[in-house]
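Single-structure report; data block below.
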Amino acid sequence: MALLIAGVLLWSFTHFMPTIAQPQRQALLGKLGENGYKGLFSLLLIAAILMMVFGWRSIEEPTYLYTLPLWTRHLGMLLVLVAFILFVASGMPTRIKQIIRHPQLTGVVIWAGAHLLMNGDSRSLVLFGGMGSWALLEIMLINRREGAWVKPALPGIGQEMKILVIGVVVFLAVMFAHPWIAGVAVR
């Protein structure tokens, strides 16, 4: 469990640095340069992901804390699909950005909540509760740093269809790869 917790914390603190530790970020940029800073940032995130994956997989028999009704699994799968559509929407012009200021972080919150609907064990609470909490806090910190929300221009309707199709394809690919990524089959 310690490796999983450390991975979630490393992920969170690495992402918080540009938001709440500007002097330290500037010092690192001065020492390492732009590419060196990006390289260090990337290495820390890769380490965090590996720690989370190996930490998750090392817990063979997690403690079950709660059990929800079976229908929450179906709701959870629908919410994961919505999360993937939001992930895709974050990188492209879309009408979604007229409604949601941070689609990728909102997608993380939805993805995490969906997994907590489907899994009531201790490792899920650490991973998905931790990631969801990080994303919520990150949204608040970014909003405070950036101030008023300036909504982007509206794209054509074709862009919306493209995002929907890509989101569904990514969702299906992750469902297929889930046993190899997480060691847990999608049921």
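The values are calculated or read from the model by the stated rules, or taken from the named source; none is laboratory data. This structure is a prediction, so every number in the text was calculated from the model and none was measured. Using ideal geometry, Cβ is built from the backbone for each residue, glycine included, and neighbour counts are taken over all protein chains shown. Quick note on the areas: whole protein, heavy atoms, side chains included, nothing else; ligands and nucleic acids left out. Shrake-Rupley method; radii C 1.70, N 1.55, O 1.52, S 1.80 Å.
Okay, here's what the table says:
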{"quantity": "Considering residues of the stretch 150-161 that are in contact with a helix residue (DSSP H, G or I) (Cβ under 9 Å, 6 or more places away or on another chain) and either without any contact (Cβ under 8 Å) to a residue 12 or more places away in the chain or open to solvent by 90 Å² or more (accessible area, probe 1.4 Å) (or both) only, the residue nearest to Arg57 (Cα to Cα)", "calculated": "Lys151"}
{"quantity": "Residue, farthest from the chain's Cα centre (by Cα), within the stretch 1-33, restricted to residues that are more than 30 Å from Arg57 (Cα to Cα) and in contact (Cβ under 8 Å) with a residue 40 or more places away in the chain", "calculated": "Ile20"}
{"quantity": "Residues satisfying the stated conditions in the stretch 34-75, i.e. in contact (Cβ under 8 Å) with a residue 40 or more places away in the chain and surrounded by fewer than 11 Cβ atoms within 10 Å (Cβ to Cβ)", "calculated": "Tyr66, Thr67"}
{"quantity": "One residue from Gln98, Gln26 being within 21 Å of Glu146 (Cα to Cα), open to solvent by 60 Å² or more (accessible area, probe 1.4 Å) and not small (Gly, Ala, Ser)", "calculated": "Gln26"}
{"quantity": "Criterion (open to solvent by 40 Å² or more (accessible area, probe 1.4 Å) and either at pLDDT 90 or above or touching a Pro at 6+ places or on another chain (Cβ under 9 Å) (or both)) met by exactly one of Leu141, Leu136", "calculated": "Leu136"}
